[in-house]
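Report on the following structure.
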Amino acid sequence: MRQATFVYFMRMVSGVGPVKIGCSENPPMRLSTYGTWSPYPLEIVAQIPGSRELEWNIHDCFFDLHSHREWFHPSPRIATVIDKLKAGVAIEQAMDLADIRGCVRSKIAARRWAARRGEAA
């Protein structure tokens, strides 16, 4: 039997800086792994039952805030969603999942392809 999967929002404990939106069967273990490499203490500020597809959908809704990989620039829009999720609001009510602003996976793929060719994306 497969474990439940969660979509999580991670950031520095200070609340300043980028937000990671990821997916894992074990978010505390993922936090521990990222914490090993981070120069700053990190925390999971919200976690919801979800799937890789939901994670990708959320990424695409925050496309305009995308920094790199699964990291997003901090913004009032992301902060509001996190606050709603922490208050127990369902993701479908916390944000408009149909408000797709781009495709993060396509952006990442284009960067990788350009890097292989020695070009800037």
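Mind putting a number on the dipole of the chain about its Cα centre? Charges go on the C-beta only, +1 for Lys and Arg and -1 for Asp and Glu, and I need it in Debye to the nearest 20.
Roughly 480 debye, rounded to the nearest 20.
Give a quick list of trypsin sites (Lys or Arg not before Pro) in the range 1-90 that DSSP marks as loop, anything other than H, G, I, E or B, with at most 16 other Cβ atoms within 10 Å.
Hits after loop and neighbour filter: 2, 69.
Using a 10 Å cut-off around each Cβ, can you sort 23, 103 from fewest to most neighbouring Cβ atoms?
Ascending Cβ contact count within 10 Å gives the list 103, 23.
Extension gain residue 108-residue 33, at 0.36 nm per residue separation less the Cα-Cα distance, in nm?
The span from residue 108 to residue 33 would gain 24.8 nm if fully extended.
Over the chain, how many percent of alpha carbon pairs lie in each 5 Å bin up to the one with the longest distance?
2, 11, 20, 23, 20, 14, 7, 3, 1, 0
Apply the Karplus curve 6.51 cos²θ - 1.76 cosθ + 1.60, θ = phi - 60°, to the phi angles in the range 99-110 and return the couplings in whole Hz, x for Gly and Pro.
Result, rounded to whole Hz: 7, 6, 10, x, 10, 4, 5, 5, 4, 5, 4, 5.
Provide the packing ranking of 32-38, 106-112, i.e. peptides ordered by the mean count of other C-beta atoms within 10 Å per residue, highest first.
106-112, 32-38
What is the order of 82, 58, fewest Cβ neighbours within 10 Å to most?
Least crowded to most crowded, the residues run 82, 58.
Given the C-alpha atoms of the range 1-68, compute the convex hull and give its volume per residue in Å³.
Spread over its residues, the Cα hull of the range 1-68 gives 89 Å³ apiece.
Within the range 40-73, whose backbone N sits under 19 Å from a point 7 Å along Cα→Cβ of residue 93?
Residues passing the 19 Å test: 46-50.
Using a 10 angstrom cutoff on alpha carbons, build the Gaussian network for the chain and name the most mobile of 39, 27, 18.
With Cα springs under 10 Å in the chain, the top fluctuation among 39, 27, 18 is at 39.
Taking the simple approach of a point 7 Å from Cα along Cα-to-Cβ for both residue 100 and residue 16, what is their distance in nm?
The answer from the label model is 3.7 nm.
Taking θ = phi - 60°, what integer Hz values does the Karplus form 6.51 cos²θ - 1.76 cosθ + 1.60 yield along the range 85-94, in sequence order, with x for Gly and Pro?
Rounded to whole hertz, the list is 5, 4, 7, x, 6, 5, 4, 5, 9, 6.
Hey, what do the phi angles of the range 29-46 turn into as Karplus ³J(HN,Hα) couplings, whole Hz, using 6.51/-1.76/1.60 and θ = phi - 60°, x for Gly and Pro?
5, 4, 4, 4, 5, 5, x, 4, 9, 7, x, 10, x, 10, 9, 8, 9, 7
Values in this text are rule-based calculations from the coordinates and carry no lab data. None of the values given here were measured: they were computed from a predicted structure. Quick reminder, even Gly has a Cβ in these numbers, built from the backbone with ideal geometry, and neighbours come from all protein chains shown.
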